[in-house]
Amino acid sequence: MTTQECDSRDRRIVENIRTMLQTSPTLRQHATLLEVSIENSAIVIRGNLPSAAMKAELVPAIRQAGVLSQINNCVLVAV
């Protein structure tokens, strides 16, 4: 796979994740505050959410987007 093909694939994966976050009833209002990136073949999520329950919903939501790779949930919970 060429670098261009990898970049295109990564963009599609990130877009699929963003779409899934936007369609989640509980996460959609905070989806714009979350940064989604791919680093060293792993999905990395950064940002802030108001509750631990919302943070716990991230990985299942990302899995619904068809992502099977490692997910690093670096989201902080605002206290």
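All of the numbers you see were taken from the coordinates with simple rules; none came from a lab. Bear in mind that the values here come from a model prediction, so they are computed numbers and not experimental data. All Cβ positions, glycine included, derive from the backbone under ideal geometry; neighbour counts span all protein chains shown.
From Cα pairs below 8 angstrom and at least 6 apart in sequence, can you work out the relative contact order of the range 3-77, rounded to a whole percent?
32
Under a crude label model (7 Å from the Cα following the beta-carbon direction), how far is Thr19 from Gln64 in nanometres?
1.4
Rounded to the nearest 20 Debye, what is the dipole magnitude of the range 3-77 about its Cα centre when Lys and Arg each give +1 and Asp and Glu each give -1 at the C-beta?
For the range 3-77, the charge dipole is close to 200 debye.
Residue by residue through the range 67-79, what is 3J(HN,Hα) from phi via Karplus (6.51 cos²θ - 1.76 cosθ + 1.60, θ = phi - 60°)? Round to whole Hz and write x for glycine and proline.
Calculated HN-Hα couplings, in order: 7, 10, 6, 4, 10, 9, 8, 9, 6, 9, 9, 6, 9 Hz.
Take the alpha carbon atoms of the chain, find their radius of gyration, then divide it by 2.2 N^0.38 Å using N residues; give the quotient.
Normalised Rg, Cα atoms only: 1.08.
Can you compute the FRET efficiency between Ser51 and Met1 using 1/(1 + (r/R0)^6), with r the Cβ-Cβ distance and R0 = 30 Å? Round to the nearest 0.05.
That pair, Ser51 with Met1, gives E of 0.15.
Amide H to amide H under 5 Å from Ser51: which residues, 5+ apart in sequence or cross-chain, H placed 1.01 Å off N in plane?
For Ser51, whose amide H was placed from the backbone, the distant partners under 5 Å are Ala78.
Just the ratio, please: alpha-carbon radius of gyration of the range 29-70 over 2.2 N^0.38 Å, N its number of residues.
Compactness ratio reported: 1.15.
Can you list residues from other chains, or at least 5 along the same chain, whose modelled amide H is less than 5 Å from the amide H of Ser24?
Hits under the 5 Å cutoff: none.
Report ³J(HN,Hα) in whole Hz for each residue of the range 28-45, in order, from the Karplus equation J = 6.51 cos²θ - 1.76 cosθ + 1.60 where θ = phi - 60°; Gly and Pro get x.
Result, ordered by residue: 4, 5, 10, 4, 6, 8, 9, 9, 10, 9, 10, 10, 6, 6, 10, 7, 10, 10 Hz.
Considering only Asn16, Asn40, Asn48, give the residue with the highest GNM mean-square fluctuation for the chain, with springs between Cα atoms whenever their separation is below 10 Å.
So, out of Asn16, Asn40, Asn48, the one fluctuating most is Asn40.
Under 5 Å between amide H atoms, partner at least 5 residues away or on a different chain: which partners does Asn72 have, H built in plane at 1.01 Å?
Ile43, Val44, Ile45
Using only Cα atoms, tell me the angle between helix 3-23 and the longest principal axis of the chain; keep it within 0 to 90° and round to the nearest 10.
20
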